[in-house]
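Comments concern the structure below.
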Amino acid sequence: MIRFDLEGRGIRDPRVIEAFRKVPRESFVRAGDEAAAYGDFPLPIGCGQTISQPYIVALMTEACRLGGSETVLDVGTGSGYQAAILAELVEKVVTIERIPELHERARKRLEGYENVTCLLGDGGLGWEAESPYDAIVVAAQTPKIPPALLRQLKIGGRLIIPVGDRFSQELLRVTRSDENSWDREFLCGVRFVPLISEAG
Ligand code: SAM
């Protein structure tokens, strides 16, 4: 997976590659799916949701430009895999999931990660209490960027988010350049499950 699907497709940050070496992806898939855990495709995790494909998790992680001292908000905990990868790379990870069953399973899986806080709630509203964030990663599709996420970024902070309709989205990196401006960069085309949020 690392050689062909990550390095082979352009993932270069050595810290990101090292994080993928450390986190056992088979512990984040459903029982019986372990043999498929290192394939470069999403897998079902129950409740109609998926664990994202490894390359996209790596791309989103690398796009955050993490140095080690950051606080990151992870919206859409799902299996907990993205949160575990981030936990290897930064000081603090706050991860939020709206489906109680998935939240509870991920919370148990992530028990050994002392720098991860698992929350149950609407991540489209962000999580004000731990803000501002150096980076926010959203693993669910939204037609518009939720304003709370833009506001909860530090100046210089990066938001990685799939924006578009149900069937195709643009993965964007949105960097807060000052109090009232955010710069958008297109990273690639993606297809995520929807963000179900009060924020729309
Ligand atoms: N990052 C996850 C992983 O590593 O397994 C993959 C997440 S899956 C593609 C998207 C997740 O976002 C689902 O678990 C879904 O329930 C969750 N979700 C959707 N809308 C949400 C919201 N408003 N707040 C929090 N989680 C949400």
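Looking at (1) touching a residue at least 24 places away in the same chain (Cβ under 8 Å); (2) under 26 Å from residue 99 (Cα atoms), which one does residue 155 not meet, given that it meets all the others?
For residue 155, the exception is condition (2).
Residues that are near the ligand (Cβ under 9 Å from one of its atoms): which strands (runs of 3 or more DSSP E) entirely in the range 115-200 hold 3 or more of them?
Numbers: elements: 116-120, 133-138, 153-164, 169-178, 181-190.
Per the criteria, no element qualifies.
Have a look at 75, 90, 57, 94 and point out the one that is among the hydrophobic types (A, V, I, L, M, F, W, C), more than 10 Å from the ligand (Cβ to nearest atom) and touching a helix residue (DSSP H, G or I) at 6+ places or on another chain (Cβ under 6 Å). Before you say what the answer is, go through the steps one by one.
Values: 75 fails: more than 10 Å from the ligand (Cβ to nearest atom); 90 fails: touching a helix residue (DSSP H, G or I) at 6+ places or on another chain (Cβ under 6 Å); 57 fails: more than 10 Å from the ligand (Cβ to nearest atom).
Testing whether each residue is among the hydrophobic types (A, V, I, L, M, F, W, C), more than 10 Å from the ligand (Cβ to nearest atom) and touching a helix residue (DSSP H, G or I) at 6+ places or on another chain (Cβ under 6 Å) leaves just 94.
Take the range 26-63 and flag every residue that is surrounded by 19 or more Cβ atoms within 10 Å (Cβ to Cβ) and within 18 Å of residue 107 (Cβ to Cβ).
Correct list: 28, 29, 45, 49, 51.
Given the structure, is residue 129 under 20 Å from residue 162 (Cβ atoms), of a type in the set (A, V, I, L, M, F, W, C) and at pLDDT 95 or above?
Taking the combined requirement at face value, the residue does not satisfy it.
For residue 105, only one of the following conditions fails: (1) surrounded by fewer than 19 Cβ atoms within 10 Å (Cβ to Cβ); (2) not in a strand (DSSP E or B). What is its number?
(1)
Which one is nearest to the ligand (Cβ to nearest atom), of the residues in the range 29-54 that are in a loop (DSSP other than H, G, I, E, B) and among the hydrophobic types (A, V, I, L, M, F, W, C)? Lay out the reasoning, then the answer.
To start, the set of residues in the range 29-54 that are in a loop (DSSP other than H, G, I, E, B) comprises 29-33, 37-42, 47-48, 52-53.
Going one step further and asking which of them are among the hydrophobic types (A, V, I, L, M, F, W, C), we end up with 29, 31, 37, 41, 47.
Values: 29: 9, 31: 16, 37: 12, 41: 12, 47: 7 Å.
If we take residues in the range 29-54 being in a loop (DSSP other than H, G, I, E, B) and among the hydrophobic types (A, V, I, L, M, F, W, C), then 47 is nearest to the ligand (Cβ to nearest atom).
Only residues in the range 1-14 that are among the acidic types (Asp, Glu) count as the first member; pair them with residues that are in a loop (DSSP other than H, G, I, E, B), Cβ under 6 angstrom, at least 6 apart or cross-chain, and list the lot.
Once the first residue is among the acidic types (Asp, Glu) and sits in the range 1-14, its partners that are in a loop (DSSP other than H, G, I, E, B) give 5/40.
So, residue 21, is that one more than 12 Å from the ligand (Cβ to nearest atom) and either under 18 Å from the mean Cα position of the chain (by Cα) or outside any helix (DSSP H, G or I) (or both) or not?
When the stated conditions are applied, residue 21 passes them.
Which numbered condition in (1) farther than 14 Å from residue 195 by Cα; (2) surrounded by fewer than 20 Cβ atoms within 10 Å (Cβ to Cβ) is the only one that residue 164 fails?
Residue 164 satisfies every listed condition except (1).
So is residue 88 closer than 18 Å to residue 19 by Cα, of a type in the set (D, E, K, R) and surrounded by fewer than 22 Cβ atoms within 10 Å (Cβ to Cβ) or not?
Answer is yes for this residue.
The values are calculated or read from the model by the stated rules, or taken from the named source; none is laboratory data. Quantities reported herein were computed from a predicted structural model and do not represent experimental measurements. So basically every Cβ, Gly included, is an ideal-geometry build from the backbone, and we count neighbours across all protein chains shown.
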